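Supplied in structure tokens, the structure appears directly below.
The values are calculated or read from the model by the stated rules, or taken from the named source; none is laboratory data. Small disclaimer: the values here were computed from a predicted structure and weren't measured. Methodologically, a virtual Cβ is constructed for each residue, glycine included, from the backbone with ideal geometry; neighbour enumeration extends over all protein chains shown.
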Amino acid sequence: MARTEAAQTDEPTKSEALSTFGRYAGPATLILSSLAEGTKHGYALTKDIEEFADVRIAPGTLYEALARLERQGLIEPVESHDRRRPYRLTADGALALRAHLDSQRRVADVGLRRLASSTETG
Amino acid sequence: MTDTSDAATRRARRLLRFYPRGWRARYGEEFAQLLIDDMSERPRSVTRTADVVRTGLLARVACTGLAGDTLEPVQQIRAGLAAVGCALIAFLAFGVAIWSQLTIGWQWSAPAAPATKTAMLVMTGVIFVFAVLALLAAIPLVCTLCRTFVQRRASGLVGPVMAVVVGAIVLVAGSIHFGHGWPGTGGHPWAGRDVVPIAVARFCWAATLWITSYWAHPGALASFPMSEITWMVASPIALLAVLIGAAKTLRRLPLSPRALRYESWLGTAAALAMAGFLAGAGSWIISGGPAPRGLFRVGAIDSAGVAVMAAALILAFRAAQRALTASLIRSSTR
């Protein structure tokens with residue numbers, strides 16, 4: 001079987017990028033999910049995430065994750081004359097988010113199915 | 001601008017100082033604005049301050065190459081080597097202080113406890129290993145430095161190299177001068193029992209004169225000659241200049257990938273040698289006796305020194321391992 005270049009160097013593919021985030025995976029998923037709607041700057045991200053996930057990401061944690069996502073090429077800054085610099089999702093970022101959410105949904109589906117069957121049998 | 005937003009801007013600027021310069025250059029403006037926006041909604045928040053302090057300090061640690069994966073492999077190797085160098089200098093300052101004190105004791109009388117004797121021999125052997133490693137490490141560094149200066153590409157290196165040179169000159173000249181006042185045997189008829197040449201022992205003793213418990217006894221310290229007290233203040237400053245200069249030089253010197261890999265291996269070897277030296281010092285602290293005539297008594301400053309050396313060893317091992325891993329990854333992907 002032909003191996004990809006990424007596999008040869010033991011590097012995760014872009015779609016697996018979020019799996020390497022470890023403890024940053026939570027904030028990274030929330031940020032990518034927020035940017036899936038469109039470009040946003042730091043404070044807009046904080047407010048949006050607070051609204052849809054009921055989680056307030058502290059400024060330091062937000063920028064820790066933003067810097068990491070930018071380094072991995074999953075998001076990119078948008079030119080701005082304002083000090084509030086917006087960010088947008090890249091194609092790789094969209095791919096990584098979709099793969100990560102699909103995997104989370106599989107886990108959620110299994111968990112919910114098993115909970116339902118144990119409720120029926122119990 | 002209102003007083004409230006002025007105050008928020010000032011607070012945001014203060015919080016920003018927790019981050020390293022490079023991070024501030026890239027994210028400083030937008031991050032400060034986020035903090036100001038956040039403060040407009042929540043004027044006071046301990047959680048926010050704690051979060052900024054935590055992530056700022058983590059970003060600083062990541063810059064030293066000791067944690068995180070924010071650095072490119074070449075930067076990671078350079079930062080790791082600089083961290084090994086700093087840890088080694090700190091380790092040697094305290095290690096040599098202990099070793100030179102024991103050497104003074106041995107000048108008068110050989111230690112009675114086998115643990116002390118073994119510790120001294122191990123530490124002396126490891127100091128010889130350090131000298132060899134330093135020589136091996138210096139060769140590519142000095143060659144690259146000379147080439148960089150000849151090619152006039154050393155603009156960012158002049159300051160750090162000057163700090164190393166001036167600091168080293170002060171340390172060497174001062175140690176030779178104050179070494180004449182060492183409490184060894186001098187011309188005593190028992191001289192010759194030494195485990196190392198007297199000139200080396202008294203030089204090391206004078207260079208680390210500032211590592212003493214006299215700082216906790218100002219009354220006793222005041223009875224020292226003023227020149228000696230001045231030296232005890234000046235020598236750690238000179239050592240700090242060498243340490244900072246060496247770290248900056250290592251981070252900026254354009255070493256080839258091969259030289260970086262070579263230096264990474266030497267860094268790992270130095271960390272192993274540090275472990276050997278610490279084992280020697282530790283065995284004296286734990287099992288060594290004070291006899292004869294209390295010459296080898298363990299003081300609080302010695303225990304503190306061993307603690308500092310243990311911390312330096314952990315840092316050196318981590319930095320060396322990260323530098324070596326980065327250099328191996330870099331060579332395997334080329």
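Being under 28 Å from the mean Cα position of the chain (by Cα), facing another protein chain (nearest Cβ under 10 Å) and under 13 Å from A:P59 (Cβ atoms) is the filter here; which residues of segment B:16-28 pass it?
Matches in segment B:16-28: B:F18, B:Y19.
Restricting to segment B:59-103, and then to whatever is among the polar types (S, T, N, Q) and outside any helix (DSSP H, G or I), can you tell me which residue is modelled with the lowest pLDDT?
B:T70
Please pick out the residue among A:P77, A:P59 that is within 12 Å of another protein chain (Cβ to nearest Cβ) and farther than 15 Å from B:A32 by Cα.
Numbers: A:P59 fails: farther than 15 Å from B:A32 by Cα.
Being within 12 Å of another protein chain (Cβ to nearest Cβ) and farther than 15 Å from B:A32 by Cα holds for just one of A:P77, A:P59, which is A:P77.
Checking the condition touching a Lys or Arg at 6+ places or on another chain (Cβ under 8 Å) and of a type in the set (D, E, K, R), which residue from A:D92, A:D82 passes?
A:D92
Continuing with this model, one more query. Can we say B:T55 is part of a helix (DSSP H, G or I), facing chain A (nearest Cβ under 10 Å) and at negative phi?
Yes: the conditions hold for B:T55.
Restricted to segment B:29-47, and to residues that are within 35 Å of the chain's Cα centre (by Cα) and of a type in the set (A, V, I, L, M), which residue is nearest to the other protein chains (Cβ to nearest Cβ)?
Ranking the candidates gives B:A32 first.
Among the candidates A:R68, A:R85, which residue alone is of a type in the set (D, E, K, R), part of a loop (DSSP other than H, G, I, E, B) and within 12 Å of chain B (Cβ to nearest Cβ)?
Within the list A:R68, A:R85, the selection yields A:R85.
Run A:R114 past the list (1) away from chain B (no Cβ under 14 Å); (2) buried (at least 16 other Cβ atoms within 10 Å of the Cβ); (3) more than 22 Å from B:A59 (Cβ to Cβ) and report the number of the one that doesn't hold.
(2)
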